[in-house]
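Each remark here refers to the structure printed beneath this line.
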Amino acid sequence: MKKQIENRDDISFLVHQFYAKIRADKEIGFYFNEMIQDWNAHLEKLTDFWEMNLFGVKKYNGNPIAVHNKVDEHFGDKITANEFGIWLNYWAQTLDEHFEGENVETLKRRARKMSTFLYMSMFEHRKKENEI
């Protein structure tokens, strides 16, 4: 039976289930598996991020734009909208498999906005690198 996303434990469960799929994916898993050295710490940080994003809890301390620009640079500026699409599809799939309710739709919408913003930032970062 599906449940509402109500607290940090629910967010943590979501993040762990989602990244298990991402890590196993043949198309995009290597981006994550190569860059992330400590998965436990990373999953905790992402739980902080999504908890802040959904519930306003201010535990997250990071700079997603800088991190994603660094990852894109590491892989030769090869990340495309396709990779973000795969990421978003897994996000929606994982939410729908385990949860229901308003917070599911909120997290889908915020992930779409965030992925667009991060991709556009990476694109702008590439442009600036090429101007130097």
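Based on C-alpha pairs under 8 angstrom that are at least 6 apart in sequence, region 8-131 has a relative contact order of 28 percent. Filter the cross-link list K2/K26; K3/K26; K78/K113; K2/K70; K26/K78; K21/K128 down to pairs whose alpha-carbon distance in this structure exceeds 25 Å. Pairs exceeding 25 Å: K2/K26; K3/K26; K2/K70; K21/K128. Think of it as helices only: each DSSP H run of n ≥ 4 in the chain is worth -39500 (n - 2.57), and spread over all residues that comes to -25500 deg cm²/dmol at 222 nm. With the convex hull drawn over the C-alpha atoms of region 8-131, the volume per residue is 103 Å³. About its Cα centre, region 8-131 has a charge dipole of approximately 280 debye under the convention of +1 per Lys or Arg Cβ and -1 per Asp or Glu Cβ, with nothing else charged. Axis of helix 64-74 versus longest Cα principal axis of the chain: the two differ by about 50°, to the nearest ten degrees. Compared with the dominant principal axis of the Cα atoms in the chain, helix 102-131 is inclined by about 10°. Rounded to whole numbers, the Karplus 3J(HN,Hα) couplings from phi for region 38-50 are 10, 5, 4, 5, 5, 5, 5, 5, 5, 5, 4, 4, 6 Hz, using 6.51 cos²θ - 1.76 cosθ + 1.60 with θ = phi - 60°, and x at Gly and Pro. Under a Gaussian network description of the chain, with springs only between Cα atoms under 10 Å, the residue in V104, V57, V71 that fluctuates furthest is V57. Pairing the Cα long axis of helix 81-98 with the longest principal axis of the chain, what angle in degrees results, from 0 to 90 and rounded to the nearest 10? In the chain, helix 81-98 runs at an angle near 10 degrees to the longest axis. Exposed loop sites are taken as trypsin sites (Lys or Arg not before Pro) in a DSSP loop (any state but H, G, I, E or B) with at most 13 other beta carbon atoms within 10 Å; the longest stretch of the chain without one runs 79-132.
No value in this document is a laboratory result; all are computed from the given coordinates. Just so it is clear, the structure is predicted and the values come from calculations on it, not from any experiment. Reconstructed Cβ throughout: ideal geometry from the backbone, glycine too, with neighbour counts over all protein chains shown.
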